[in-house]
Structures are given as C-alpha cells and as structure tokens.
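Throughout, read-outs are computed from the coordinates displayed, never taken from laboratory work. From a predicted model like this one, the values you see are computed outputs, not experimental measurements. Please note: Cβ atoms are built from the backbone with ideal geometry, for glycine as well, and neighbour counts cover all protein chains shown.
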Amino acid sequence: MSFNNPTLPRMGWWKPQEDPTPASPHAMHGALQAVGHSLSLVERDGELCVGLDGTASIGSDARPLPEYLPLRAHVSPLRPENLGCPAFRATYGLRYAYLVGAMANAITSVEMVSVAARGGLLAFFGAAGLPLGEIENAIRHLQGSLGNLPFGANLIHSPGDPDLERATAELYLQREVRLVCASAFLRVTPALVLYRAKGIHRDPHGAIHCPNRIFAKVSRVEVARKFLEPPPGKILADLVASGLVTAEEAELAGQIPLAQELTAEADSGGHTDNRPAISLLPTIVAVRDEVDRRHAYRCPPRIGLAGGIATPASVAAAFAMGAAFVMAGSIHQGCVEAGTAPVVLQMLAEAGQADTAMAPSADMFEMGVKVQVLKRGTLFPQRAAKLYELYRAYERYEQIPAAQRSILERDFFRRSFDEEWQSTRTFFLVRDPRQVELGDQNPRHRMALVFRSYLGQASSWAKHGVTDRQIDYQIWCGPAMGAFNEWARGSFLEKAENRDTMTLAGNLLFGACVLARCTALTQQGIQLKEGSGNISPMSLLELDKRLGQ
C-alpha cells in the first residue's frame, strides 16, 4: 500500500519497537487482529507501513530523533474485557460485559449458567415455566458449585398467576439470589417491588445499599420509564401495611430506581415487540437520562442491548451506540449446554434470518400477547394462530364448526376435547386451582385453558425432543439465530455439536474488538480493504493464543 494521500495529516511521530512492515492487506489483517497491541500506521520512504506497539508521540511538531517516523494513524489496544462499561463489569465482578439471557424452561440451564460464570460472563437461569421446587433445586446447585461467582435467575411477569410470581420472588429472597432478570413485564407488580426493597439499608457511610438488583428487559418506552423510576409509593405502602417490608426499607426504596440495570430488548426470540435496535437503544438511553436528571440518582441505571446480538458486527455496533453491556439469547439456545433436545439444536443451526414468526404466547394467550418462534420445520406458528383465531371467534368450544373441531382433536390434541380438558384440569389443580374453578364455570375460559395447554406442551415437546411431535415444536427464536448461522457457515461452528457458550461469546467479543479498531482507522482517514475486519470463527484455544500474542 503506497502512501499517496496528501490530505492525510501527520498526527505525530512514532518510534518502532520492531521494524514496521508495508501495510499490505495481509499485514493489516494480522495487525488489526492483534487486539492486545497498539497499531500505528507510519510513513517510511513514501510508503505506508504498519507497526505494533512502539512509542507514539502524538501532536509533536518537531521530529525528536532520526529513528522516529511520521505517524499517520494510531489505534490503541482493545481487548474483549475492555468492551462496555467498566463500572458495570466491576460492580458484578465480570470479566466481560456480556450477558446470557434467561431462556424459559431451563433452556438457559444450570450447566450453561455455570460455564458462563466460570468464563467471566453473567448468565440468568431460565426459571420461567418451572415449578418452584425445580427452581430452588437449581439455585441450590448453582450456589453450592459457584461460590462467589455471579449468576442470576429469571422472574417473568405472570398476569394470570400473580401468586406464582410472588412466590418466585419470595424464593429468590429466601435463597439470597441477588440478581434477577425481570422479563415480559407490562406493569410494576408487588412481587418486583418486594424483591427490590427487601433488605435495603444505609451503609456505615450513609449511602443506600440495595442487596437485590433487577435487570429489566424492556422494549417499550412506557415500560422502561416504570423501571427507571423509583418503585410506586402505593405498592410500597401496601407492602409496609402487610408487614412484608419495613417503613425504613420503603423510604429508602423510594430513592432508587426499581431496576438497577435495564436491557433494551430489540427484535428477540420469545416475548418481543420486534423493535429495531438502532432506534430502541438511544431512545431508552434518552429516557434514562431524563429520569436521572429529575431524581439525581447516586447510581443511575445502566442500559444494555439485547435482540439481534449474534455476530461480531452486531456486538461492535451495540457498544458503538453506547450499550453498557450486551445480552445474547437465541444463539445460546443453540449451544450444547442448553437445556433442550439435540434435534432442536440442529433445527436452530439450520435456521435463516427469515425463518421466524410471531405466535400467541401460552402465558398471556387471552391478552393476545405474542412470542417470536422458529417456523422452519414446524407448524407451530400457524397452529397457535388458528387457536387464537378460534378463541376470538367463539364463546365455547362446541360452537366451533364440526369440521374444524375434528382437525383440532385429530392433529392438535390427538384426543377428544373433553379428554384434553381433563388433562388440563389436572395440571391446573396443582398449578393454579382458581383456573379450574373458572374453567368449570365459564366455557370460554375452559376453551382458553385447553388451547393454552397445547401451547405450553409445544415448548415441552421441543425441550425433550418428543419425536412424534416435532411438527408442533415451539422454539423461541429471533432473527439473530439466522444471522449467526450465516456468519458461521463454512466454519467448524456450522455444526450444532461444536457450539458452546464460551466459544460463541469469545468469538463475538474478539471480532467486535477487531471491527472497532477498523472503525477507528477509518475515522482517521485510512481506506481499508473491504473485509479487513472480518474474522473466521476460532476455537477457544486459538482465541487464547491470539489474545496472548
């Protein structure tokens, strides 16, 4: 690469540690990937050369010594552990500002949480959809095996079963689970406020110390605002009146944000509003800044980004937009540590960006809330949509045309509606007896419970790989999965069995560093060859070797 750009100013002088090499595409590619070293582009004999490390004198007008060369561009080292907010990493004792999102039914499994914690990430156990006993067993195991390493668990909004939501929050308090990922919330609930407020106190220096921290996932401005504000006074007063929190705890809780960390959730798998990340993140950041100006929080909430986190470019873009951290979900559902069946891992590995669809959710069926799921290889999205269409159109199951009822009983339930109701009834007698009472009294509610049962079982069939139900699998998935597959195509990560949590996270973070260095050079007027920042997936051993160079 000859140096022939007269508009490129000299920014200083550079003294080599080792002789620079001509800035060929190959040399630039290697230098950009040496993320632990500074990169300097210098002029030598009219040619642009690249050197690593050395001594840079920025802004110097006089040439200090003969061995110094004119410096035309300079990029500092940027390692994966330097991405994101330093205070965020320090607060939680993390090596990387990278979170593994909570995927329900223990898809974010105990194994995945453990691997992430030991690797310097933060993962949230996928507690949604599990009985309390299973959640407690998972927490006991994680606390016993991880010691002081950080991890969290999921608290999902349950508008149809607030008692379960409250019981889950109380379990977290009892087991001293200090980090909770609050997802799918439409409003602030007593369970959220109880978890946040319990145990809050002033430290010896008079600062408010809150042991329980909420990571809220939101995709709507109005919901984000609720989490960024202090807990509602009415809910705090009710908790005090019921004896669940003290007056002092309520008073202190009124001075801090409900959520200490907030994730702007763009077009993700599961519960999502399909928001574009490029507009959602800065909007939520602006709301945070506006709320903080009013309250002057000592520790303002930090804003991260989820939804579409799947490639080095998406991670680099998130941090470039100011995300304090990134959270990935869909791509980790395709990892070998995920609590799902091998057949589902293979289906995810074959997915494209357009292979997703929105479908009615089981937990908020009557409200019309939808989740994003995989449509390739399954009829679940169409069948779930048909159930909601029938629920909206008819007051009772018997009103549905006979031909349609026949299809439901043959293809969906694989037994009569009455038999399916008895099975559903048995489930809810244990889970939430009030639903059974309502179902016995109200034919439309009975129909809704049976339809919800199909939706709920569809995720269980996928998790356990029930062979004769593959056509009905409900697999939560966003376009990120397809984006990752396109990036991994032709590499060892193309195969589902080679995908593990730390390899995926490591490659995304490393690649983001390389791309950020490319951007820094471009902003200094350097024209790079297309693809200079591209990296191919590497094993953890290769990544460690590259980072250690």
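Roughly speaking, what % of Cα-Cα pairs in the stretch 271-351 are separated by over 16 Å, rounded to a whole number?
61 percent
What percent of all Cα-Cα pairs in the stretch 407-470 falls in each 10 Å bin, counting up from 0?
Binned Cα distances yield the sequence 21, 52, 24, 3.
Taking the Cα atoms of the stretch 114-225, report the difference between the largest and smallest coordinate on each principal axis, in whole Å and largest first.
41, 37, 25
Need the full-extension length gain, residue 221 to residue 353, defined as separation in residues times 0.36 nm minus the C-alpha distance. One decimal, nm.
Gain on extension, residue 221 to residue 353, equals 44.9 nm.
Could you tell me what fraction of 2.2 N^0.38 Å the Cα radius of gyration of the chain comes to, as a two-decimal ratio?
1.10
If I model the stretch 449-549 as equal point scatterers sitting on the Cα atoms and use the Debye formula, what is log10 I(q)/I(0) at q = 0.13 Å⁻¹?
-0.67
Check residue 267: other-chain or 5+ apart residues with amide H under 5 Å from its amide H, H built from backbone geometry?
275, 277
Which shape class, rounded, prolate or oblate, goes with the stretch 167-253 when its Cα gyration tensor gives a ≥ b ≥ c as root eigenvalues, a/c under 1.5 marks rounded, and past that a/b bigger than b/c marks prolate?
rounded
Need one number: % antiparallel among DSSP beta bridges in the stretch 262-402, to the nearest 5.
That works out to approximately 55 percent antiparallel.
Kindly identify the stretch 346-412 as rounded, prolate or oblate by the Cα gyration tensor criterion: order the square roots of the eigenvalues as a ≥ b ≥ c, call it rounded if a/c is under 1.5, otherwise compare a/b with b/c, prolate if a/b is larger, else oblate.
Note, shape of the stretch 346-412 comes out oblate.
What is the helix-to-structure angle for 443-464, meaning the angle in degrees between its Cα long axis and the longest Cα principal axis of the chain, kept from 0 to 90 and rounded to the nearest 10?
40 degrees
Could you check what % of the DSSP bridge pairs in the stretch 125-254 are antiparallel, to the nearest 5?
20 percent
Calculated from DSSP H runs of 4 or more alone, at -39500 (n - 2.57) each and per residue, what is the 222 nm mean residue ellipticity of the chain, nearest 500?
That calculation yields -12500 deg cm²/dmol at 222 nm.
Run through the DSSP bridge list for the chain and note the antiparallel percent, rounded to the nearest 5.
For the chain, the DSSP antiparallel bridge percentage is about 55.
Restricting things to Cα coordinates, could you compute the convex hull volume per residue of the stretch 351-472 in Å³?
In the stretch 351-472, the Cα hull volume divided by residue count equals 107 Å³.
Can you compute the charge dipole magnitude of the stretch 95-340 about its Cα centre, using +1 on each Lys and Arg Cβ and -1 on each Asp and Glu Cβ, nothing else charged? Give it in debye, rounded to the nearest 20.
Value, rounded to 20: 480 debye.
Ranking 193, 343 by Cβ neighbours within 10 Å, fewest first, what do you get?
343, 193
Counting only residues 5 or more places away or on other chains, whose amide H sits under 5 Å from the amide H of residue 154 once H atoms are built in the peptide plane?
For residue 154, whose amide H was placed from the backbone, the distant partners under 5 Å are 125, 127, 128, 181.
What whole-number distance in Å separates the alpha-carbon centres of the stretch 299-348 and the stretch 42-102?
The stretch 299-348 and the stretch 42-102 have Cα centres spaced 26 Å from each other.
Provide the net charge surrounding residue 469, with neighbours chosen by a C-beta distance below 13 Å and charges set as Lys +1, Arg +1, Asp -1, Glu -1.
Surrounding charge for residue 469 is 0.
Mind ordering 369-375, 254-260, 272-278 by average Cβ neighbours within 10 Å, highest first?
For the peptides 369-375, 254-260, 272-278, the packing ranking is 369-375, 254-260, 272-278.
Calculate, for residue 146 and residue 423, the FRET efficiency according to 1/(1 + (r/R0)^6) with r their C-beta to C-beta distance and R0 56 Å; round to the nearest 0.05.
0.90
Can you give the FRET efficiency to the nearest 0.05 for residue 201 and residue 497, using r as the Cβ-Cβ distance and R₀ = 30 Å?
That pair, residue 201 with residue 497, gives E of 0.05.
Explain nothing, just compute: Karplus ³J(HN,Hα) = 6.51 cos²θ - 1.76 cosθ + 1.60, θ = phi - 60°, for every residue of the stretch 128-142 in order, whole Hz, x for Gly and Pro.
Coupling constants for the stretch 128-142: 4, x, 9, x, 4, x, 5, 4, 5, 4, 5, 5, 4, 5, 5 Hz.
Quick one: order 28, 481 by neighbouring beta-carbon count within 10 Å, fewest to most.
Neighbour counts put them in this order, fewest first: 28, 481.
Nearest 0.05, what FRET efficiency do residue 393 and residue 132 give at R0 = 45 Å with Cβ-Cβ as r?
Once the sixth-power term is evaluated, E becomes 0.80.
Once you order the gyration tensor axes a ≥ b ≥ c over the Cα atoms, which shape class does the stretch 95-340 get: rounded for a/c under 1.5, otherwise prolate or oblate by comparing a/b with b/c?
oblate
At q = 0.15 Å⁻¹, what base-10 log of I(q)/I(0) does the Debye formula yield for the stretch 208-354 when every alpha carbon is treated as an equal point scatterer in vacuo?
Values, matching the q order: -0.83.
Obtain the nm distance between the two label points defined at residue 234 and residue 523 by a simple spin-label model: each point lies 7 Å from its Cα along the Cα-to-C-beta direction.
4.6 nm
In whole Å, how far is the Cα centre of the stretch 142-169 from that of the stretch 433-482?
22 Å
Specify the angular offset, from 0 to 90 degrees and rounded to the nearest 10, of the alpha carbon long axis of helix 380-393 from the longest principal axis of the alpha carbons in the chain.
50 degrees
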